[in-house]
1. Residue by residue through the range 133-162, note down the ones that are out of contact with any Asp or Glu (no Cβ under 7 Å at 6 or more places or on another chain), in a loop (DSSP other than H, G, I, E, B) and surrounded by 16 or more Cβ atoms within 10 Å (Cβ to Cβ).
2. Any residue at all in the range 229-246 that's farther than 28 Å from Met130 by Cα and in a helix (DSSP H, G or I)?
3. What's the number of the only condition in (1) farther than 23 Å from Pro85 by Cα; (2) within 22 Å of the chain's Cα centre (by Cα) that Pro168 fails to meet?
4. Residue under question is Asp175, and the condition is that it be surrounded by fewer than 16 Cβ atoms within 10 Å (Cβ to Cβ) and not in a loop (DSSP other than H, G, I, E, B); does it hold?
5. Taking Arg3 as the residue in question, decide whether it is out of contact with any His (no Cβ under 9 Å at 6 or more places or on another chain), of a type in the set (D, E, K, R), at pLDDT 85 or above and part of a helix (DSSP H, G or I).
6. Quick check: anything in the range 228-247 polar (S, T, N, Q) and closer than 30 Å to Asn127 by Cβ?
7. So Thr126 ticks every box in (1) free of Cβ contacts under 8 Å to residues at least 24 places away in the same chain; (2) surrounded by fewer than 19 Cβ atoms within 10 Å (Cβ to Cβ) but one. Which box is left unticked?
8. Residue pairs, Cβ under 7 Å, 6 or more apart or interchain, first in the range 82-111 and hydroxyl-bearing (Ser, Thr, Tyr), second at pLDDT below 90. List them.
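The values are calculated or read from the model by the stated rules, or taken from the named source; none is laboratory data. Note that this is a predicted model, so its numbers are computed, not measured. Ideal geometry is used to build each Cβ from the backbone, glycine not excepted, and the neighbour counts take in all protein chains shown.
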Amino acid sequence: MIRCTFALAALTLALGACDAAPSTAPAPAPTPTDAGPAPVQAVPVTSIPGHETLTQDATRKEGPRLMPAETYIRSYLALFGNLAPLEVQTRARGADGSALFDAWNDYLAALGLPDYRVDQPRGNQTNALMMATFERLGVALCDRAVERDLRGTLPLAQRVVFAFDGTPANLTETDFAPRFDVLHRTFLAYPARLAQTDRTRRFFALYQGTVARHRATGAPASRFTPEQAGWATVCYGLLRHPEFHAY
């Protein structure tokens, strides 16, 4: 009985090996029906009977969210010209005593980073102080970029934010559009013409309003020309846009 069991087991293994061995017989020539299924044609949902009046729910299913603070800090370091954190601190502070930025240690806790020296955990809740701190860093970026990029004769290849030529007076919307597109691609990473709203026209109105206020009689003194102030305000607007901070 044991010998029979071993024989059956050996036979089973042999049959399995034969089934697994590749066949040496030539494969049959493919016929026209072996070419595969025909490509599926796209059919609009509304063309299906009973779906003519079907409404599509395109509303946002989840509110905008923020990424970790380190992600935004890296973005700002890149926007300042891929500088090291201490180099960004030096450039953001500047030398004019305007107190646009102080030191990273003054802001890291507000940005949500942990401070293990005082046993302070990471901030997991977005709050107004956190957003205001990022805005402060953004204002410093825009103002220092105006000073660096739009003053003097810095070559375009060395400009970090305002990488376009000049700030002519009496700028028309036609002249404004390609310059604004450079900023839009820098901060929001896609062409301005693809925005859901007429974003170029709206930001041009923001630019014109700022220039007019700086040119008005009795306007407060500014270290920027009216045109430079206009571009700084456009920069503020893009940095405050929800598409820059949320996803």
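1. Listed by number, the list holds a single entry, Leu150.
2. no
3. Condition (2) is where Pro168 drops out.
4. Answer is yes for this residue.
5. Taking the combined requirement at face value, the residue does not satisfy it.
6. For the range 228-247, residues polar (S, T, N, Q) and closer than 30 Å to Asn127 by Cβ: present.
7. Thr126 satisfies every listed condition except (1).
8. Pairs found: Tyr107/Thr133.
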